[in-house]
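The values are calculated or read from the model by the stated rules, or taken from the named source; none is laboratory data. From a predicted model like this one, the values you see are computed outputs, not experimental measurements. FYI the Cβ positions are ideal-geometry reconstructions off the backbone, even for glycines, and counts take in every protein chain you see.
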Amino acid sequence: MAKLIVYLIQAFICLTVISSTSRLLSKREEDFLEQFGYLSPKKDGEERSNEELRQGLLSFQKYFYLEETGNMTDETSALMAKPRCGSPDKEINKLSRYLSTGYKWTGTSLTYNYLNYSSDLTENETRQTIENALKIWSDVTPLEFTEVSEDGDIKILFQGGDHGDDYPFDGPFGVLAHAFYPTGSVLAGDAHFDEDEDFTINGEIGIDLFQVAAHEFGHSLGLDHSTNETALMYPYYTGYIADFELSQDDIDGIQSIYGMFS
Ligand SMILES: [Zn+2]
Ligand SMILES: [Zn+2]
């Protein structure tokens, strides 16, 4: 009998070993970590080891000040499921929280134009909202924004799914929008909004266009994500905020690139 128990225990240990070599993360979770910069791009045909996945998950947990377990926790999967910006998260700036991309516009007079408009709002509502979203940045810097009919520095597009770049949108929720850093490419500065979202204004139910656009223009101007939860440049969507104001973290970030309002 004693021997049987030993065998049973051994069998149990074997099973435990087998189950621990199964994949640490689902394909979806792995793709998420790669998309947002927590796993380096996969080499062709190679599977990532569980250790690589664990490290990726740990950096995600560290970035968002979650408990660093290296395993999926409820807290981790809940955060992954929340609507957010499509730009990847970069390293943590421990001194402040904001992070500058190192890219900037050389002049202070910038232009923007619409490639199309959101069907969720009237043209006027969209234009007013975009103007307000740019204004929060021009209010604290020497930057000025002028709307032009074509070929602006910042081109604004509302389109779902594939929309002509390498970063197709994913339907409602998930990624809400993304924008490109200043200079260096034909898309530089451009801001793309996932038209599969229901964009609204003034706190109506849906995705607040002002909040999303103001965040994306931070990228258009050269800011990366901030780990400060109160910052506009935090990667996750925080919803409509009445009488919105930039946090000091955002102001410090943008002024570190363009200087103060003069
Ligand atoms: Zn972003
Ligand atoms: Zn795009």
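Filter the range 173-189 down to residues that are surrounded by fewer than 24 Cβ atoms within 10 Å (Cβ to Cβ) and within 15 Å of the chain's Cα centre (by Cα) and give me whichever is farthest from ligand 1 (Cβ to nearest atom). It comes out as PHE173. Of the set (1) over 16 Å from PHE210 (Cα atoms); (2) more than 19 Å from the chain's Cα centre (by Cα), all apply to THR200 but (1). The residue that is nearest to ASP208 (Cα to Cα), counting only those in the range 142-172 that are out of contact with any strand residue (DSSP E or B) (no Cβ under 8 Å at 6 or more places or on another chain) and either in contact (Cβ under 8 Å) with a residue 60 or more places away in the chain or surrounded by 13 or more Cβ atoms within 10 Å (Cβ to Cβ) (or both), is PRO172.
Okay, residues lined up against (1) within 22 Å of LEU232 (Cβ to Cβ); (2) of a type in the set (D, E, K, R); (3) at pLDDT below 95; (4) outside the structural domain of LEU209 (by TED's automatic domain parsing):
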| site | (1), (2), (3), (4) |
| --- | --- |
| TYR117 | no, no, no, no |
| ASN124 | no, no, no, no |
| ARG127 | yes, yes, no, no |
| ASN132 | yes, no, no, no |
| SER138 | yes, no, no, no |
| THR141 | yes, no, no, no |
| ASP153 | yes, yes, no, no |
| PHE158 | yes, no, no, no |
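Scanning the range 101-125 for residues that are surrounded by 18 or more Cβ atoms within 10 Å (Cβ to Cβ), touching a strand residue (DSSP E or B) at 6+ places or on another chain (Cβ under 9 Å) and hydroxyl-bearing (Ser, Thr, Tyr) yields TYR112, TYR114, TYR117, SER118.
Any chance the range 126-145 includes a residue that's acidic (Asp, Glu), in contact with a helix residue (DSSP H, G or I) (Cβ under 8 Å, 6 or more places away or on another chain) and away from ligand 1 (no atom under 16 Å from the Cβ)? Scanning the range 126-145 turns up at least one residue that is acidic (Asp, Glu), in contact with a helix residue (DSSP H, G or I) (Cβ under 8 Å, 6 or more places away or on another chain) and away from ligand 1 (no atom under 16 Å from the Cβ). Within the range 51-73, being touching a helix residue (DSSP H, G or I) at 6+ places or on another chain (Cβ under 8 Å), assigned to a helix (DSSP H, G or I) and either at pLDDT below 95 or not aliphatic (A, V, I, L, M) (or both) holds for GLY56, PHE60, GLN61.
Hand me the list of strands (runs of 3 or more DSSP E) wholly inside the range 126-222 holding 2 or more residues that are within 12 Å of ligand 2 (Cβ to nearest atom). Before the answer, list the steps.
Values: elements: 144-147, 154-158, 177-179, 191-193.
Those strands (runs of 3 or more DSSP E) span 154-158, 177-179, 191-193.
Only one of the listed residues (THR129, THR101) is closer than 28 Å to ALA242 by Cβ, in contact (Cβ under 8 Å) with a residue 40 or more places away in the chain and under 24 Å from the mean Cα position of the chain (by Cα). That residue is THR129.
SER247 satisfies every condition listed in (1) in contact with a Leu (Cβ under 8 Å, 6 or more places away or on another chain); (2) touching a residue at least 24 places away in the same chain (Cβ under 8 Å); (3) of a type outside the set (Val, Ile, Thr) except (2). Taken as a whole, the structure places ILE207 among residues that are β-branched (Val, Ile, Thr), touching an Asp or Glu at 6+ places or on another chain (Cβ under 7 Å) and modelled with pLDDT of 95 or more.
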